[in-house]
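Beneath this line is the structure, given in structure tokens, with notes to follow.
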Amino acid sequence: MKLAVTTEHRVGVVEGDRFFDVTEAVPGSGPAWPPMYMNRLIDQWAALGPRVAAARKAAAPVPLASLKLLPPNPCPVHVIAAPANYRKHIGEIGARSVSKGRSAEQQGFFMKATASLVGAGGAIELPRGSTRRFDHESELAVIIGRRARNVPRAEAMGYVFGYSCLMDITMRIEPGVAEEERVTRKSFETFTPLGPWIVTADEIADPHALRNQLWVNGVAKQDANTRDMIVDIPALIELISSVMTLNPGDVIASGTPEGVGPIVPGDKVTIGIESVGEMTLQVVEAAQFAPRRF
């Protein structure tokens, strides 16, 4: 099943190019802050999943192209990311990297602000007037399905609810000039496009055999396979849950393959992950200058 959320906070099942509104089956859905309804839906999926399926049967189809989409989980508790998790990516940006040749195996993980999420119906906004370099990174997102603490890797896949496409947009450091912490450089609003929907885990036969691609203005920039991850999904869940509790709806960005590169206002960036989905976002310059310039 593919679950999507519109900018009106309507929840729907996506089939092909059609959207079936199932909001009535999702407790607490709506724009009221905080919009935690997808976390609750995922947490209570055993009971609510059949209600969603029934609501889908009763719903009239709406053309998906007529809707704008939010992130399929607008308000996860955590967004966690794996650094340098593909060997060919390690070192490809030279001195602009803080990994210094170390993979996710040695570095562990880092956090991205939930406020950096944006859906397929939004845009990637770069800081107005900035002369810094901003890069695209194409990643498979793992959506956690139930509370996970100290989970051994042999049991980890049982904690996965589903998958989505994720871009980890990054402001690069300028050695000796500007060397902000990784979380700062990756947490600008709109720097984590997520979507266009969540595909439930039962629809993905092997998440470690998915083609992961990204294009800028129609030109292929990244093309790899999730089988090449250094730290696979069970090991990521084992690692993260050994440090902190993962909650239903939490998002794990599993790392980017080689081919990262700069984006500028006017570009169109498309991510496509086999069996998961595809989405395109426009890159724009923020409408206002921030008081702290970058």
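Structure summary
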{"read-out": "Residue list for region 188-209, filter: crowded, with 19+ Cβ neighbours inside 10 Å, at negative phi and in a loop (DSSP other than H, G, I, E, B)", "value": "F188, F191, I204, P207"}
{"read-out": "Those residues of region 147-173 which are under 22 Å from V216 (Cβ atoms) and not in a loop (DSSP other than H, G, I, E, B), in sequence order", "value": "S164, C165, L166, M167, T170, M171"}
{"read-out": "Options I173, I169: the member that is under 19 Å from P83 (Cα atoms), crowded, with 20+ Cβ neighbours inside 10 Å and more than 17 Å from the chain's Cα centre (by Cα)", "value": "I173"}
{"read-out": "Residue list for region 21-34, restricted to those being buried (at least 18 other Cβ atoms within 10 Å of the Cβ) and touching a residue at least 40 places away in the same chain (Cβ under 8 Å)", "value": "D21"}
{"read-out": "Selection status of D232, in the same structural domain as N85 (by TED's automatic domain parsing), out of contact with any strand residue (DSSP E or B) (no Cβ under 9 Å at 6 or more places or on another chain) and surrounded by 14 or more Cβ atoms within 10 Å (Cβ to Cβ)", "value": "yes"}
{"read-out": "Residue match in region 56-65 (condition: under 23 Å from T192 (Cα atoms) and surrounded by fewer than 11 Cβ atoms within 10 Å (Cβ to Cβ))", "value": "yes"}
{"read-out": "Any hit, region 48-55, residues being of a type in the set (A, V, I, L, M), at pLDDT 95 or above, outside the structural domain of V243 (by TED's automatic domain parsing) and assigned to a loop (DSSP other than H, G, I, E, B)", "value": "no"}
{"read-out": "Filter result for G249 (out of contact with any His (no Cβ under 7 Å at 6 or more places or on another chain) and surrounded by 20 or more Cβ atoms within 10 Å (Cβ to Cβ))", "value": "yes"}
{"read-out": "Residue check for M167: touching a helix residue (DSSP H, G or I) at 6+ places or on another chain (Cβ under 9 Å) and not assigned by TED's automatic domain parsing to the domain that holds T7", "value": "no"}
{"read-out": "Failed criterion for I173 (all others in (1) modelled with pLDDT of 95 or more; (2) farther than 25 Å from E238 by Cβ hold)", "value": "(1)"}
{"read-out": "Test: residue in region 172-186 that is of a type outside the set (G, A, S) and under 15 Å from I144 (Cβ atoms)", "value": "no"}
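Listed here are the residues, each with its yes/no results for (1) of a type outside the set (S, T, Y); (2) touching a residue at least 24 places away in the same chain (Cβ under 8 Å); (3) in contact with an Asp or Glu (Cβ under 7 Å, 6 or more places away or on another chain).
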{"position": "R149", "(1), (2), (3)": "yes, yes, no"}
{"position": "V160", "(1), (2), (3)": "yes, yes, no"}
{"position": "S164", "(1), (2), (3)": "no, yes, no"}
{"position": "V177", "(1), (2), (3)": "yes, no, no"}
{"position": "P196", "(1), (2), (3)": "yes, yes, no"}
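Listed here are the residues, each with its yes/no results for (1) surrounded by fewer than 17 Cβ atoms within 10 Å (Cβ to Cβ); (2) at pLDDT 90 or above; (3) closer than 23 Å to E174 by Cα.
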| residue | (1), (2), (3) |
| --- | --- |
| K100 | yes, no, yes |
| E105 | yes, no, no |
| S116 | no, yes, yes |
| G119 | no, yes, no |
| T131 | yes, yes, yes |
| H136 | no, yes, yes |
| I144 | no, yes, no |
| P152 | yes, yes, no |
| G158 | yes, yes, no |
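The values are calculated or read from the model by the stated rules, or taken from the named source; none is laboratory data. Source: prediction; values computed, not measured. Note that each Cβ is placed from the backbone with ideal geometry, even for glycine, and that neighbours are counted across all protein chains shown.
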